[in-house]
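**Q** The structure's right below; bear with me while I get my questions together.
The values are calculated or read from the model by the stated rules, or taken from the named source; none is laboratory data. None of the values given here were measured: they were computed from a predicted structure. Note that we place each Cβ from the backbone using ideal geometry, even for glycine, and neighbour counts take in every protein chain shown.
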Amino acid sequence: MCATVAANPQSAYGAFVMTRIGVSLAGQSDILQQCVVKSIEAMIDRMTGDCRIDKSNIDGMVMTGNTTMLYLLTRRNPETLSHAPFSADCLFDMEYDARDIGFSFSAKCYLPKCIAAFVGADISTAILASGMLDQNETALLVDFGTNGEMALWHEGKLLCCATAAGPAFEGAQIECGCHGIPGAVDHIWVEEKRLNYHTIGEAEAAGICGSGIIDAVAALLENDTVDETGRMVLPDLEINGQSAAKIATAVYVTQKDIRSVQLAKSAICAGVRTLLHVTGVSVFQVKAFYIAGGFGSFIDLKSAAAIGLFPAEMIDVARVIGNAAETGAAMLLQDQSLLHDLNSTLNGAVAIDLSANHYFMDQYVEGMCFQS
């Protein structure tokens, strides 16, 4: 099997899906579509080259992603996604010819079913990969990313929601943030009140990625540099008028970074608690907690629980399953018989609108602080 990755080139037009929707509605839908197709085809070229095959021999593709990404990929007007009640006029489960989307070759291209406007096909394929639908136990899946999408499987019913966590966990909008590249600080721990760190590839520290920023906040809480309100009380540095804590020679975490993490972690945890509340399920009834997403593959569960990214009571049933959206897409590509049962369950799924949920808002505010 050949694999490759690339950053989403659409991020140049905005870190948030709502920003990209605005760009599309402003008349740049073709640019957004073309840049992502070009990036995907470049990855296909690398893989087919590594595998020594001609891409013209590709028979089928499965492309998964959030609802907005699929709209932009297919040049569908995202107007209905841009305002309340944020409904999707297309939930896909559709097959295209790759050439019609904009690729240079012809192949069957299947876009899996989305659940709602902000609960996309990526969570659908992640659900498939987790195997949670095959279990007779209460299971929760969270796909960590700019949009924290989550699904709860309880007594044969699927309940879903999405919360805008922001790009902090992907290293974006963090002062020294970066993707998971060589030199990115990916793990931080405390020894005798001092911060120690590890970098990807053990290269010289050049920035801090998502798993690193979670470890950093947990470590700064542990050594009392940050208090339970998120205030940096023992800063090492002052950067552009901001308090900051030094991680490595060229890497530091600012007070603004801490606030970004607080907003993101509170949104995710509040979403989890709201799903459980609506269903009448306690955290102790969850027997399997799946953590998915490229970022989720590398987080330290103890650090994540320490900062309140998810209810700490669930750490013993937590299981990191990596890029489950990709895994589920590969499963569909190899076995189309999986579609019937999956889509049958997705058709009956209930999506909770967190923007109108008072319990979510209460949990969001309550979860903003770190536990003492």
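**Q** When you go through (1) under 17 Å from LEU158 (Cβ atoms); (2) more than 21 Å from the chain's Cα centre (by Cα); (3) free of Cβ contacts under 8 Å to residues at least 40 places away in the same chain one by one for ASP93, which number turns out not to apply?
**A** Unmet condition: (3).
**Q** Tell me which residues, restricted to the range 12-27, are surrounded by 16 or more Cβ atoms within 10 Å (Cβ to Cβ) and touching a Pro at 6+ places or on another chain (Cβ under 8 Å).
**A** Hits for the range 12-27 are ALA15, PHE16, ILE21, SER24.
**Q** Which residues, counting only those in the range 49-69, are in contact with a Ser or Thr (Cβ under 8 Å, 6 or more places away or on another chain) and assigned to a loop (DSSP other than H, G, I, E, B)?
**A** Those that are in contact with a Ser or Thr (Cβ under 8 Å, 6 or more places away or on another chain) and assigned to a loop (DSSP other than H, G, I, E, B): ASP54, ILE58, THR64.
**Q** Among the residues of the range 352-361 satisfying the criterion of being at pLDDT below 95 and not in a loop (DSSP other than H, G, I, E, B), which is surrounded by the most Cβ atoms within 10 Å (Cβ to Cβ)?
**A** The selected residue is LEU354.
**Q** Just one of LEU141, LEU152, LEU159 is surrounded by fewer than 24 Cβ atoms within 10 Å (Cβ to Cβ), over 24 Å from ALA250 (Cβ atoms) and modelled with pLDDT of 95 or more; which is it?
**A** LEU159
**Q** So the check is Cβ under 8 Å with 6+ separation or different chains; which pairs have a first residue in the range 244-258 that's in contact (Cβ under 8 Å) with a residue 24 or more places away in the chain and a second one that's assigned to a strand (DSSP E or B) and of a type in the set (Lys, Arg)?
**A** TYR252/LYS246
**Q** Being surrounded by fewer than 19 Cβ atoms within 10 Å (Cβ to Cβ), more than 29 Å from ILE115 (Cα to Cα), touching a residue at least 12 places away in the same chain (Cβ under 8 Å) and more than 24 Å from the chain's Cα centre (by Cα), is that true of even one residue in the range 28-43?
**A** For the range 28-43, residues surrounded by fewer than 19 Cβ atoms within 10 Å (Cβ to Cβ), more than 29 Å from ILE115 (Cα to Cα), touching a residue at least 12 places away in the same chain (Cβ under 8 Å) and more than 24 Å from the chain's Cα centre (by Cα): absent.
**Q** Right, something else. Say whether the condition of being surrounded by 13 or more Cβ atoms within 10 Å (Cβ to Cβ), touching a Lys or Arg at 6+ places or on another chain (Cβ under 6 Å) and without any contact (Cβ under 8 Å) to a residue 60 or more places away in the chain is met by at least one residue in the range 102-111.
**A** Checking the range 102-111: at least one residue is surrounded by 13 or more Cβ atoms within 10 Å (Cβ to Cβ), touching a Lys or Arg at 6+ places or on another chain (Cβ under 6 Å) and without any contact (Cβ under 8 Å) to a residue 60 or more places away in the chain.
**Q** For the range 210-246, how many residues are closer than 23 Å to GLY145 by Cα and either in contact with a Cys (Cβ under 6 Å, 6 or more places away or on another chain) or charged (D, E, K, R) (or both)?
**A** The total comes to 1.
**Q** Of all residues in the range 317-326, which are surrounded by fewer than 18 Cβ atoms within 10 Å (Cβ to Cβ) and at negative phi?
**A** Correct list: VAL317, ARG319, VAL320.
Quick grid of which residues meet (1) touching a strand residue (DSSP E or B) at 6+ places or on another chain (Cβ under 6 Å); (2) among the charged types (D, E, K, R); (3) part of a loop (DSSP other than H, G, I, E, B); (4) buried (at least 17 other Cβ atoms within 10 Å of the Cβ):
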site: ALA264; (1), (2), (3), (4): no, no, no, yes
site: ARG273; (1), (2), (3), (4): no, yes, no, yes
site: ILE291; (1), (2), (3), (4): yes, no, no, yes
site: ILE299; (1), (2), (3), (4): no, no, yes, yes
site: ALA306; (1), (2), (3), (4): no, no, no, yes
site: ILE315; (1), (2), (3), (4): no, no, no, no
site: HIS340; (1), (2), (3), (4): no, no, no, no
site: GLN363; (1), (2), (3), (4): no, no, no, yes
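**Q** List the pairs whose first member sits in the range 169-193 and is surrounded by fewer than 22 Cβ atoms within 10 Å (Cβ to Cβ), whose second member is modelled with pLDDT under 85 and assigned to a helix (DSSP H, G or I), and whose Cβ atoms are under 7 Å apart, counting only residues at least 6 apart or on separate chains?
**A** Short answer, once both residue conditions are applied: GLN173/PRO167.
Condition check ((1) at negative phi; (2) at pLDDT 95 or above) across all residues:
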site: SER211; (1), (2): yes, no
site: LEU220; (1), (2): yes, yes
site: MET232; (1), (2): yes, yes
site: LEU237; (1), (2): yes, no
site: GLY241; (1), (2): no, no
site: PHE284; (1), (2): yes, yes
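**Q** Another question, then. Would you confirm whether or not the range 81-103 contains a residue that is farther than 22 Å from ALA351 by Cα and either touching a His at 6+ places or on another chain (Cβ under 6 Å) or among the aliphatic types (A, V, I, L, M) (or both)?
**A** Checking the range 81-103: at least one residue is farther than 22 Å from ALA351 by Cα and either touching a His at 6+ places or on another chain (Cβ under 6 Å) or among the aliphatic types (A, V, I, L, M) (or both).
**Q** So, one more: Would you confirm whether or not the range 36-54 contains a residue that is at positive phi and modelled with pLDDT under 95?
**A** yes
**Q** Among the numbered conditions (1) crowded, with 17+ Cβ neighbours inside 10 Å; (2) under 25 Å from ALA162 (Cβ atoms); (3) out of contact with any helix residue (DSSP H, G or I) (no Cβ under 7 Å at 6 or more places or on another chain), tell me where THR64 comes up short.
**A** THR64 satisfies all of (1) crowded, with 17+ Cβ neighbours inside 10 Å; (2) under 25 Å from ALA162 (Cβ atoms); (3) out of contact with any helix residue (DSSP H, G or I) (no Cβ under 7 Å at 6 or more places or on another chain) except (3).
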